[in-house]
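A quick write-up on the structure given underneath.
The values are calculated or read from the model by the stated rules, or taken from the named source; none is laboratory data. All figures in this text were calculated on a predicted structure; none of them were measured in a lab. Quick reminder, even Gly has a Cβ in these numbers, built from the backbone with ideal geometry, and neighbours come from all protein chains shown.
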């Protein structure tokens with residue numbers, strides 16, 4: 001049996017989800033998280049649905065999805081009839097972007113490695129790495 005959590009304050013939600021309280025506030029502000037109910041004193045009170053959604057967002061961000069991609073995935077989830085084909089399309093596009101980033105990072109690594117080999121490591125007035133970075 002799963003414990004149903006209600007009336008969690010933001011700090012508890014943050015602890016349960018692994019998401020910083022300020023990040024939760026930001027997600028609410030940009031519309032990724034729905035407005036929670038409030039106590040008589042005006043405190044936000046979160047429920048399991050908020051925790052589940054927040055964990056979904058966190059996992060998406062850990063996989064490198066942009067906030068716009070997360071928004072698109074959430075819109076599919078919110079329809080209650082998820083199109084697996086559409087989700088697959090988003091995932092494949094993201095994989096393609098990751099592959100391109102890996103290529104770019106490998107190119108940068110090679111460039112920095114080559115520049116580093118040119119550097120004497122001594123205290124000299126001209127550093128090849130700085131010179132390369134200053135080129136226009």
Worksheet item: Is there any pair with a first residue in segment 123-134 that is within 17 Å of residue 109 (Cα to Cα) and a second that is surrounded by 10 or more Cβ atoms within 10 Å (Cβ to Cβ) and modelled with pLDDT of 85 or more whose Cβ atoms are under 6 Å apart and which are 6 or more apart or on different chains, and what are they?
Response: 128/115; 128/118; 129/115; 132/115
Discussion item. Residue under question is residue 59, and the condition is that it be at pLDDT 95 or above, loosely packed, with under 15 Cβ neighbours inside 10 Å and under 15 Å from the mean Cα position of the chain (by Cα); does it hold?
Written reply: yes
Worksheet item: residue 94 versus (1) under 15 Å from the mean Cα position of the chain (by Cα); (2) not in a helix (DSSP H, G or I): which is the lone unmet condition?
Response: (2)
Discussion item. Taking the conditions exactly as written (crowded, with 16+ Cβ neighbours inside 10 Å, at pLDDT 95 or above, assigned to a helix (DSSP H, G or I) and within 18 Å of the chain's Cα centre (by Cα)), does residue 19 satisfy them or not?
Written reply: no
Discussion item. Can you go through 38, 10 and tell me which one is at pLDDT below 95 and in contact with a helix residue (DSSP H, G or I) (Cβ under 9 Å, 6 or more places away or on another chain)?
Written reply: 10
Response to the item:
Matching residues in segment 42-88 (part of a helix (DSSP H, G or I) and within 21 Å of residue 14 (Cα to Cα)) number 19
